[in-house]
1. Among the listed residues Leu164, Leu170, which satisfies the condition of being in contact with a helix residue (DSSP H, G or I) (Cβ under 6 Å, 6 or more places away or on another chain) and either outside any loop (DSSP other than H, G, I, E, B) or not polar (S, T, N, Q) (or both)?
2. Which of the residues that make up segment 128-151 are surrounded by fewer than 14 Cβ atoms within 10 Å (Cβ to Cβ) and part of a helix (DSSP H, G or I)?
3. When you look at Ala96, is it touching a Lys or Arg at 6+ places or on another chain (Cβ under 8 Å) and aliphatic (A, V, I, L, M), yes or no?
4. Testing Arg61 on (1) within 22 Å of Gly156 (Cβ to Cβ); (2) of a type outside the set (Gly, Ala, Ser); (3) at pLDDT 95 or above, one condition comes back false. Which one is that?
5. Is there any pair linking a residue in segment 12-24 that is free of Cβ contacts under 8 Å to residues at least 40 places away in the same chain to one that is small (Gly, Ala, Ser) and surrounded by fewer than 18 Cβ atoms within 10 Å (Cβ to Cβ), with Cβ under 8 Å and at least six apart or on different chains, and which?
6. Scan Asp56, Asp98, Asp30, Asp51 and give me the residue that is under 24 Å from Glu167 (Cβ atoms) and among the charged types (D, E, K, R).
7. Going by the structure shown, is Ile115 over 22 Å from Pro21 (Cα atoms) and of a type in the set (A, V, I, L, M)?
8. Mind telling me which of the residues Ala96, Ala63, Ala120 ends up being out of contact with any Gly (no Cβ under 6 Å at 6 or more places or on another chain), under 23 Å from Pro24 (Cα atoms) and not in a loop (DSSP other than H, G, I, E, B)?
Amino acid sequence: MRDVTEVTGRTMTYWTSIDSPLGPLLLTADPAGALTSLSVPGQKGGRSVQDGWRHDPGPFRAAGEQLAAYFAGELKEFRLTLRAAGTEFRERVWGALDSVPYGGTTTYGEIAARIGAPRAVVRAVGGAIGANPLLILRPCHRVIGADGSLTGYAGGLERKTTLLTLEGAL
């Protein structure tokens with residue numbers, strides 16, 4: 001099979017949709033099978049299927065199995081290859097999200113401290129978390145306000161509550 005980049009200069013994006021308790025999940029992957037996004041309907045900044053994308057559930061079998069186990073309360077840590085592109089700052093913030101354990105929560109200030117950023121950049125940390133393209137898999141839902149309140153979630157606060165309840169954090 002010829003590499004799509006040879007023909008178009010772009011990398012092929014594969015996609016599928018998986019049913020979940022949060023609604024249909026739109027997953028995308030690169031040609032190597034690394035997940036590049038997971039979006040929910042109505043998500044702020046979420047992805048939607050684009051012309052030229054290839055619908056193929058094959059690259060998403062492991063993700064589908066692990067997400068089903070997660071929603072059944074049987075999986076606490078995803079073991080999937082993730083590849084999200086962002087600025088160096090965003091990627092550092094997203095990396096810090098990966099260290100927040102199942103059933104735990106953290107604050108925006110604590111994420112800033114984990115990446116060695118001053119508290120003055122908490123808003124920027126919030127922006128990076130809000131731009132996380134891999135909802136659920138990269139657990140931005142585990143970030144709460146310093147006062148313990150449930151604040152911003154690109155997928156909506158109702159979904160954030162559902163996820164935190166599933167994990168026993170609420």
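1. Leu170
2. Of everything in segment 128-151, nothing turns out to be surrounded by fewer than 14 Cβ atoms within 10 Å (Cβ to Cβ) and part of a helix (DSSP H, G or I).
3. yes
4. Every condition holds for Arg61 apart from (1).
5. Pro24/Ser17
6. Asp98
7. Yes, satisfied.
8. The match here is Ala63.
The values are calculated or read from the model by the stated rules, or taken from the named source; none is laboratory data. On a predicted model such as this, the values are computed, not experimentally measured, just so you know. So basically every Cβ, Gly included, is an ideal-geometry build from the backbone, and we count neighbours across all protein chains shown.
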